[in-house]
Structures are given as C-alpha cells and as structure tokens.
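Below is one structure, written out as structure tokens; the observations come after it.
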Amino acid sequence: MSLNHQPTAASTGMFAFIIILTGIGAGVAGMFLALLLHTVQHLAYGYSLDSIISPESFLMGVSASSPQRRVAVLCLCGLVAGIGWWLVHRYGRKLVSIKQAIGAEAPLMPPVTTLSHILLQIITVALGSPLGREVAPREAGALLGGWLSHYARLSFEQRRLVVACGAGAGLAAVYNVPLGGGVFVLEVLLQTVSWQAAVAALTASAIAASVAWLGLGAEPMYAVAHFPLTLSLIAWSLITGPLFGLAAYGFVRLTTAARNRVVRNNLLPVLSFINFAIIGLLAVWLPALLGNGKSAAQLGFASEVTMAAAAVLLIIKVAITASSIRVGAEGGLLTPGLSNGALLAVVLGGLWSLAWPGIPAGAFAVIGAAAFLGASISMPLTAIVLITEFTRIDHDFLVPIILAVAGSACTCRLCGKWLGNS
C-alpha cells in the first residue's frame, strides 16, 4: 500500500479528525459487544445475574450450571447459528471482509448485513461456540471507519488506512490491547511501517482501548503468576518452537479445508444444530470446551490442567472448531489458536518436566500460546505483543517467547512452501 501522496493541510486535518472519531466509535462498539457477550453468557448459564462485569468467570458459570442446561444452551446456539447465517447468506447483501475493504477496489461494507454478521458472532460465542469473538469488533471498527471516511470524502488511500485502523481499534477495545491493535494493523492488514500508518493505527487503538475502559475496566485478559526464567525454559522454547509451527500448520490446513467446504445450502440449520448439540453433550463432562478457548487457556496459564486433560481438551477443541466452521458458523481463530498453543505447551512441558522438573505448567503455556498464535495467523510480532498485553507477563519472559515464536513462525512458513497451501 502506497501512502506517499502529498495531501493538503485541510485533507490531513480531516483525516486526523476521522481517525479520532473512528477510535472513539470503535471503542464504544467494542465495549458494547463485550457487554453484550457477558450479558448473554450470564443469562444463558444463570450466573452473576446482578452484574454484567463480575469476578465469576465464564468457566465458573458454565461449571456451576446443570448438564441439561449446557446441552440446551448449545442446542439453542446451533439454531441461532444455523438459521441466522442461512438468512444472512440467503437474503443479505454479499459480505465484504476487512481485507476486501482495504484491497485494491476498497468496497464499502454493507451496514445491515455486516451488523447482522457481527451480532451473530457475539451471540453464538457467548452461548458456547468454539470460534473467536475478535472478528466482530474488528468488523465493527472497519465498518464505521469506512463509512466515516466515505462521507468525509477522504482520498482512496486515506480511506483504506482508516478502515484498517478501525479494525485494529476494535481489537484493541475488546481485548484491552492498545499496542497490539496498532501492531496488528501494521503487520497483518497494511503490511507497512510508514510513519503515517503507524501514527494513525496506534492513535486509533489507544483511543479505542481507553474508551472501552469506561465500561470494561482496564484489567488484563488473563491472570498469570510470576514465573521464574531459567535456562531450562529457554532451551525448551528453542527446541519446541518448530513443533508449535508444525502443529499450527496442521491447524491452518484443517480449518482452511473446513472453510472451503462450508455448508451454505438449506441443510445449514440442521447440520449446525447437530454439531452444537454434540458439543453440548461433550460439555457435560468437559465444560472447559465451551466458548472461544479463553477458559482452556486460563487453565493452562494458571497451571490448573494436567497433561492428560490438556491433551484431551486440545484434540476435542481442534475437532469442534473445524466442525463448527464446516457447518457455517463464523468467528475468529485468535483465541482458539492461543488456547491450542497453551494446551499443547502443557503437554510438551509435561514431557520436558519428566527429565527437567521444576518449571510450572503455566510458564510453558504462556510461551506456547504465543508460538502457536504467531504461526497459525501469520503474525509473529502481533502475537508477541498480544500475549504480553493479555497476561502482563514479566519483561524477561520476552526472551523465551520470542525464541519460540521465531522457531514456530519459520517452521510454519517453510511447511507452507514445501508442502503447499492447497
């Protein structure tokens, strides 16, 4: 993307104004979507009904609910997902993705269809869908940025930049990652480090995150203890980094194949209902399966899951993520990828500890989450920043995280070149 044109002072001022408005709007949208998510979760599973933001986690609420309620809620999730997306694809205008909105033609995102798509993602994740919720606030920010820049008559290049900044700001708002949102824009969406893009992206993300604090607070996404940094942990990061890359490559191939074969016909509601009913039945024994993976990741970070339980959770989480995509459910893969990495790290760390004990499982999980995420979504820098902001981990812990992410990202990319992406 080229940003080397010479704008006038008036156009630069309008551009800055739209970036600020986009940041504020993305912050409000992210806050609303997060509050909607919590509200639906609390109502569906019957916990913390007197407070939208409460110390009781989703996993605690789900675990306290009856097995029958879990199955019933997931059956409802299947109906909402199946009927909702069938209606969107049958009667709505064609969806415009964020990448399309910042692409060569830069079409505007259709408001009604996009908003329906956003709300369906949030509601289904709240009910227990294994897909991520991060796409919804990104789409909300991009939608807002696109229409604001359109009405402000910004230049073509400026409009693409505003849309990208809106997407990053939405991510920053809902996850409280002001730096991560900006880096995501630069590394993943724009793939540029020009000063104008950097300033715009970081400004919009910082504004959005601070606006969202008003309703969501400024707490980190995950509670993580202090982990000692040892030579053994650094060695583990070097050795296992490529293993996370191989696993991430396999996950990408699996989810891509599911997306390429997604159901869009009249069978979508039926297949969606069956898929989520099965997930509900599995959740009778494994409540940590429900949701986008945050619960499973937190168990790993807190060293509260055994190696065997982590292996079982990992296998089933990957399977239900792919099956949910296959039957037409929509959502992101950021938190699912993060939780996959955390669970895999508990397994690999457990094996390592058989010979070199003394490292908490949570230390392995934090490193593995970043390594898997960076490779699976092809954003190593963003993954490092996100895991740092998600957990507020000690600065020294960046060393094993960076080493693992580097090994994972390189291995995943080499697999793509050698084995192909088809």
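State whether the residues of segment 251-267 include one that is farther than 18 Å from GLY350 by Cβ, aromatic (Phe, Trp, Tyr) and surrounded by fewer than 23 Cβ atoms within 10 Å (Cβ to Cβ). No, segment 251-267 contains no residue that is farther than 18 Å from GLY350 by Cβ, aromatic (Phe, Trp, Tyr) and surrounded by fewer than 23 Cβ atoms within 10 Å (Cβ to Cβ). For the residues VAL125, VAL185, VAL177, VAL163, the requirement of being buried (at least 24 other Cβ atoms within 10 Å of the Cβ) and touching a Cys at 6+ places or on another chain (Cβ under 8 Å) singles out VAL185. For segment 106-140, name all the residues that are more than 15 Å from the chain's Cα centre (by Cα), over 22 Å from ARG90 (Cα atoms) and in a helix (DSSP H, G or I). Within segment 106-140, just LEU127 meets the criteria.
The selection criterion, being touching a Cys at 6+ places or on another chain (Cβ under 9 Å) and either of a type outside the set (Asp, Glu) or without any contact (Cβ under 8 Å) to a residue 60 or more places away in the chain (or both), does not hold for ALA212. Residues that are outside any helix (DSSP H, G or I) and either in contact with an Asp or Glu (Cβ under 6 Å, 6 or more places away or on another chain) or within 19 Å of LEU33 (Cα to Cα) (or both) are absent from segment 142-164 altogether. Here the condition is being farther than 14 Å from LEU119 by Cα, more than 22 Å from the chain's Cα centre (by Cα) and either surrounded by fewer than 18 Cβ atoms within 10 Å (Cβ to Cβ) or modelled with pLDDT of 95 or more (or both); of SER97, SER66, it holds for SER66 alone. Check segment 385-400 and report whether any residue there is of a type in the set (Asp, Glu), out of contact with any strand residue (DSSP E or B) (no Cβ under 8 Å at 6 or more places or on another chain) and not in a helix (DSSP H, G or I). Yes, segment 385-400 contains at least one residue that is of a type in the set (Asp, Glu), out of contact with any strand residue (DSSP E or B) (no Cβ under 8 Å at 6 or more places or on another chain) and not in a helix (DSSP H, G or I). For segment 291-303, the criterion of being within 28 Å of ALA383 (Cα to Cα), surrounded by fewer than 24 Cβ atoms within 10 Å (Cβ to Cβ), over 15 Å from the mean Cα position of the chain (by Cα) and outside the structural domain of ALA64 (by TED's automatic domain parsing) is met by at least one residue. Filtering segment 235-267 to residues that are without any contact (Cβ under 8 Å) to a residue 12 or more places away in the chain and in a loop (DSSP other than H, G, I, E, B) leaves ASN265, LEU267. Taken over segment 203-231, the criterion of being surrounded by fewer than 17 Cβ atoms within 10 Å (Cβ to Cβ) and part of a helix (DSSP H, G or I) is satisfied by TRP213, LEU214, GLY215, LEU231. The residues of segment 279-290 that are surrounded by fewer than 21 Cβ atoms within 10 Å (Cβ to Cβ) and touching a residue at least 40 places away in the same chain (Cβ under 8 Å), listed by number, are LEU281, VAL284.
Being without any contact (Cβ under 8 Å) to a residue 60 or more places away in the chain and not in a helix (DSSP H, G or I) is a description that applies to VAL193. In segment 100-114, the residue that is modelled with the highest pLDDT out of those that are of a type in the set (A, V, I, L, M, F, W, C) and loosely packed, with under 15 Cβ neighbours inside 10 Å is VAL112.
The values are calculated or read from the model by the stated rules, or taken from the named source; none is laboratory data. Remember, it's a predicted structure, so these values are computed and weren't measured experimentally. FYI the Cβ positions are ideal-geometry reconstructions off the backbone, even for glycines, and counts take in every protein chain you see.
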